1. Let me confirm something: among T103, T89, which residue is among the β-branched types (V, I, T) and closer than 22 Å to P9 by Cβ?
2. When only residues in segment 66-113 that are farther than 21 Å from Q149 by Cα and among the aliphatic types (A, V, I, L, M) count, which is nearest to the chain's Cα centre (by Cα)?
3. Can you give me the number of residues within segment 108-145 that are outside any loop (DSSP other than H, G, I, E, B), among the charged types (D, E, K, R) and over 30 Å from K159 (Cα atoms)?
4. Can you tell me how many residues within segment 145-186 are among the hydroxyl-bearing types (S, T, Y) and surrounded by 18 or more Cβ atoms within 10 Å (Cβ to Cβ)?
5. So is S11 of a type in the set (S, T, N, Q) and part of a loop (DSSP other than H, G, I, E, B) or not?
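Rule-based calculations on the coordinates, nothing more; no lab input. Here the structure is a predicted model, which means the values were calculated and not measured. Heads up, the Cβs are rebuilt from the backbone with ideal geometry, glycines too, and the neighbour counts pull from every protein chain shown.
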Amino acid sequence: MRLVFLGPPGSGKGTQSKRLVEHFKITHLSTGDMLRAVMTQDTEIGRAAAQSMATGWLVADALVVTLVKERLREPDVQAGFLLDGFPRTVEQARAFEEHLTETHRPLSGVLELRVPLEDLVTRLAGRGRKDDTPEIVRERQGIYRQKTQPLVDFYRQRKLLFPIDGLGTSDEVFDRIVETVQGLKP
């Protein structure tokens, strides 16, 4: 199973990711974790990632794609993976798709956890954090949707997108995800 998991902040993606990798015995791949790990290494890619992060710039698409490609060579991902936080752009998705085609390991699917905006606002504003006011939450959600919509369209055109209703209990959402994943090609 080779999966990409999309979902806005507050959708429950983090919780569901943990459950999914345990259930399907696949490796959870977070680009944030990969970047933090590589930045501690004295390698060309590690130095480039550290420099990007230190200057506040987003890490270049090519660098992130290279990092993911290298990680996909590791033995623990051969049985499958769940990618969280990648791809973030259509350019990354195209490069990733090309790599998977070259290695004869196409994606099984892209799961998109969907939660209506007002439910996300209620969830996040209810945490009581200073930066989780309803106004700030709405603004962040708008930015997420604006940046993610081209990616959603990209995967929809390839018939790889599987929207999942993110409302309900954690167990109800998980059951929907499992049912969807079980219907995918391995």
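1. On the way: T103 fails: closer than 22 Å to P9 by Cβ.
Just a single option satisfies the conditions, and that option is T89.
2. Filtering segment 66-113 for residues farther than 21 Å from Q149 by Cα gives 66-81, 99-106.
Add one more test, that the residue is among the aliphatic types (A, V, I, L, M), and what stays is 67-68, 72, 77, 79, 100.
Details: L67: 15, V68: 12, L72: 15, V77: 16, A79: 18, L100: 16 Å.
In this case the residue turns out to be V68.
3. So the first thing to find is which residues in segment 108-145 are outside any loop (DSSP other than H, G, I, E, B), and the list is 109-114, 117-125, 134-145.
Imposing the further condition that a residue be among the charged types (D, E, K, R) reduces the set to 112, 114, 118-119, 123, 135, 138-140, 145.
Filter again for over 30 Å from K159 (Cα atoms), leaving 123, 135.
Qualifying residue count, segment 108-145: 2.
4. Taking segment 145-186 first, the residues among the hydroxyl-bearing types (S, T, Y) are 148, 155, 169-170, 180.
The next check asks that each one be surrounded by 18 or more Cβ atoms within 10 Å (Cβ to Cβ); those that pass are 155.
Adding up the residues that qualify gives 1.
5. Numbers: of a type in the set (S, T, N, Q): yes; part of a loop (DSSP other than H, G, I, E, B): yes.
Yes; evaluated as a whole, the condition is true for this residue.
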